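Student: Submitted below is the structure of interest, expressed as C-alpha cells.
All of the numbers you see were taken from the coordinates with simple rules; none came from a lab. Since this is a predicted model, take the numbers as computed values, not measurements. Don't worry about glycine lacking a Cβ; one is built from the backbone with ideal geometry, like all the others, and counts go over all protein chains shown.
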Amino acid sequence: MQGLASMDAGQWLGVAGLLIILPLVAWFERRPATWHLGFATVILFFGLTHLLLPGRTMALWTTLALVATIGAVSKLKYRQLGFNLLAGDLNHLAPSSFRGVLADHAKMVVPALFGMAAVAALTVTIDMMLDEPATPLPIRLEVFAAAACLYLITFRSSGGTSRFRFQLLTQDRAHLSAFVASLFGAGPSRRPAFVDIDAEPSPLLPPAPAKQPPGDPLPHIIMVLHESTFDPRRFGLPVDDCFARFFSPTAGLSGTLNVEVFGGSSLQSEFSILTGLSTRSFGSDSRYVFHLLDGRIRHSLPLHLSAIGYSHAYLSCDSPSFLNRGSFYRSVGLTDVAYAETLPPPFDGERWRREHHDEQLYDHALGSLQEQAASGKPCFLSISTLMNHGDHHRRVFADDLHTGIRREADAAAGSAEYGEYMVRLAETVRTYEAFRARLDATLDGHPAIVVRFGDHQPSFTASMTGRPPSDPMLYETFYTIEAVNCALPQAVVAPPALDVAYLSTLTLLAAGAPLDPVFATRAALLEAEPATYFDPDNRLKRRFHRALVEAGMIDLS
C-alpha cells in the first residue's frame, strides 16, 4: 500500500495505460491464436513512438492512441465490407474514396472521427500536464531494436506473410496485427502475383466459331450493373410479381451470382467480369486490382469484342479518378467511357448528386447506343448504376413515394434499412422497365442480349439476417440474360449458381459470339464447375493461369 501511495502521476498513468491496452488488444485480435502477434505489434509501436518521444508514459499513451485508431477503423471496415484494414487502403483507396465513404456512411464515420480526435486530444493533454524525465537516446534506440527483433521473430514464427495473404484478412479477427502485417509484405505487393498458379501450363483449347446462323448479325450486348442489389427471396423475404420478373425473367436465363465482395468494392466485381479472372487469385492484393494490374491485362472481354467487330460504350457512375477507374478501363480496352460526374447538360448534375437515379443513366445510354449502332457494327454497351448504393438509413426520395412497399418491407424484415432498399429497388424496377420499352424502339429490330447483375449486397444485410460478414450467403447476388429480337442458343443453359468470373463467358455463349482460345477454355471450365472459379486445389485452373502468363495475356513481370 505504501508503494502504491508513493507512485507519481506518470507512474499512475503508465499503469492505467497498460490496464487499458492489454484487454483492448485481446478484443481487436479476438482469438488467442493471434494474441501474441497483437502484443508483439504493441511492443513494436511502443518502441517506435518512444524513439520519437523521450517520455515513457507519453510514448505508452501514444501507442494506445495508435492501437485504438487502427483497431477501431479495421473493425468498422470489416463490419461494412467484410475485410480488415490494410496499408493499401491508405495509399491506393483512401485518396480517391474518402469523400464518398464520408458521404455514404456519415452516421458511422463522423462519430468514429470524433472518437479518434478525442483520443488524440487526451494524449496531447497528458503530454502537456506530465513532467517526466527523458529517456536517453541510446536506451531508446536499444528498446526500438529489441521491439523490432521481437516482432519479426514472432511474425516469422507465426507463419509470416503466407498466414495473412488472404484468410486472416477476411475474418473478424486480427484487426491490429493484420494491418501491421500488411506493412511487412502481406499486402499490397509492389508486383501482383497469382496465389493459385501451377509450374506447368495447360494447352488452351482451339477457338470456337460463332453459333449464329449464317448471315445473321451478331447481337448488341447491353450489360447493366445494378449497384448493391440482391434478390430478397434468397433470405426468404416475399416479393410481388414485378420484383420476381426483374430477378427471374420468364423468357431469359437467371440465377444466383456468386461474387467476391460484401458491402462494397464494386471494382472487384467489375474486374472479374472484364477480365474473366477472380480477384481472390491475387490474395491480399484483391482490393487493389485496378491499381496493381493496370496495364498488365492483355486479354479482356472488351478487347475480345473489339477483335470480333464490336464497338463499345461504357457508362460509369463514378469519376475517372475514383479508385483508378479511368486508367484501368483504358488498359483493358475500354476507350469510350463516359462518367456520370462529368456528363454535360441535358444530364442533370444536381439531381444526380441528390438521387443517383438510374433513369438519367438510361437516357444517356440510349443515346450512346444510337450513335454506336449507326456505324453498322454490333455494340457492347455497359451501364454501371448507383441508386441503391450507400447508407440505407438515409431516405433518398420523398417519404410519400412507395409508402406501401416501405411499410411491407419494414414489417417483413424488421429493418428500416431494408424498407429503404425496397423503395430504391422499386424505382430501379420501374426505370428498367421503361428503359426496356425504349430499347425496343432504339434497336429497330436489330438483335440484342441484355445482361444484368448485382455487384454485391449492401452492408445492412449482415445485421438484418444476423449473419457475420464472412457468411457465404452474403456473397450472393443475381444475374439475368434476356434476348431482344432474337432467341438465345438452345445449348446455353442457366447455371443455378454462377461465379462472377464466368459471367463474361456466359454472355459470349448467349450472344452466339465466336470464342478465342482463352474464352473457349473458360467455357470448358464453366461447364465443369459454374458456381466456383477460385479454387487453389484445382490443378486445371492453376495450369490455365500459367498458360495465360506464358502467352503474355497477363504480365506479372
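Student: Are there DSSP H segments in the chain that both extend 27 Å or more along their axis (alpha-carbon positions) and score a mean Kyte-Doolittle hydropathy of at least 1.0? List them, or say none.
Tutor: On the way: long enough: 9-29 (30 Å, 1.57); 56-81 (37 Å, 0.56); 106-129 (34 Å, 1.64); 137-157 (30 Å, 1.28); 416-443 (40 Å, -0.30).
Those that pass (Cα extent of 27 Å or more, hydropathy at least 1.0) are 9-29, 106-129, 137-157.
Student: Give the relative contact order (percent, whole number) for the chain; include only Cα pairs under 8 Å separated by 6+ residues.
Tutor: Details: 910 pairs, mean separation 125.5, N = 557.
This gives 23 percent for the chain.
Student: Rounded, prolate or oblate for segment 220-550? Axes are the square roots of the Cα gyration tensor eigenvalues, ordered a ≥ b ≥ c, and the cut-off for rounded is a/c under 1.5.
Tutor: Details: a/c = 1.45, a/b = 1.20, b/c = 1.21.
Note, shape of segment 220-550 comes out rounded.
Student: To continue, here is another question. Quote to one decimal, in nm, the extra length available between residue 354 and residue 371 on full extension: 0.36 nm per residue of separation minus the C-alpha distance between them. Spell out each step's value before the answer.
Tutor: On the way: separation 17, 0.36 × 17 = 6.12 nm, distance 2.85 nm.
Value of the extension gain: 3.3 nm.
Student: Tell me the net charge near residue 31. Cut-off is 11 Å between Cβ atoms, residue 31 excluded, with +1 for each Lys or Arg and -1 for each Asp or Glu. Walk me through the numbers on the way to the answer.
Tutor: Working: positive: 30, 173; negative: 29, 172.
Surrounding charge for residue 31 is 0.
Student: All other residues with a Cβ under 13 Å from the Cβ of residue 551 taken together, and with Lys, Arg as +1 and Asp, Glu as -1, what is their net charge? Kindly include the intermediate steps, with their values, before the conclusion.
Tutor: Details: positive: 298, 543, 546; negative: 516, 550, 555.
For residues surrounding residue 551, the net value is 0.
Student: Still on this model: Considering amide H positions built from the backbone, and no H for Pro or chain starts, which residues 5 or more places from residue 223, or on another chain, come under 5 Å of its amide H?
Tutor: Correct list: 381, 382, 383, 451.
Student: Evaluate the Kirkwood expression for the hydrodynamic radius of the chain, namely the inverse of the mean inverse distance over all pairs of different C-alpha atoms, and round to one decimal in Å. Before the final figure, lay out each step's value.
Tutor: On the way: mean 1/r = 0.0390 Å⁻¹.
One over the average 1/r among Cα pairs gives 25.6 Å for the chain.
Student: Rounded, prolate or oblate: which fits segment 439-557, taking a ≥ b ≥ c as square roots of the Cα gyration tensor eigenvalues, rounded meaning a/c under 1.5, else prolate when a/b beats b/c?
Tutor: Working: a/c = 2.10, a/b = 1.07, b/c = 1.97.
Oblate, since a/c reaches 1.5 and b/c is not below a/b.
Student: So how much slack lies between residue 240 and residue 15, counting 0.36 nm per residue of separation and subtracting their Cα-Cα distance, in nm? Mind showing how you got there, number by number?
Tutor: Numbers: separation 225, 0.36 × 225 = 81.00 nm, distance 6.09 nm.
Full-extension gain reported as 74.9 nm.
Student: Where Lys and Arg each count +1 and Asp and Glu each count -1, what net charge lies around residue 356 among other residues with Cβ under 10 Å from its Cβ?
Tutor: On the way: positive: 351, 353, 354, 424; negative: 227, 355, 358.
Summing Lys/Arg as +1 and Asp/Glu as -1 gives +1.
Student: If you take every DSSP beta bridge whose two residues both sit in the chain, what share of them, in percent to the nearest 5, is antiparallel? Walk me through the numbers before you get to the answer.
Tutor: On the way: 12 of 35 bridges.
Given both bridge residues lie in the chain, the antiparallel proportion sits at roughly 35 percent.
Student: Return the calculated 222 nm mean residue ellipticity for the chain, to the nearest 500 deg cm²/dmol, obtained by summing -39500 (n - 2.57) across DSSP H runs with n ≥ 4 and dividing by the residue count. It would help to have the intermediate numbers written out before the result.
Tutor: Values: 22 runs with 271 residues, N = 557.
Value at 222 nm, helices only, nearest 500: -15000 deg cm²/dmol.
Student: Using Cα positions and a limit of under 17 Å, work out the aspartates and glutamates in reach of residue 377, with same-chain residues fewer than 8 apart set aside.
Tutor: Of all the aspartates and glutamates, those that pass the test against residue 377 - Cα under 17 Å, at least 8 places apart if same chain - are 216, 336, 444.
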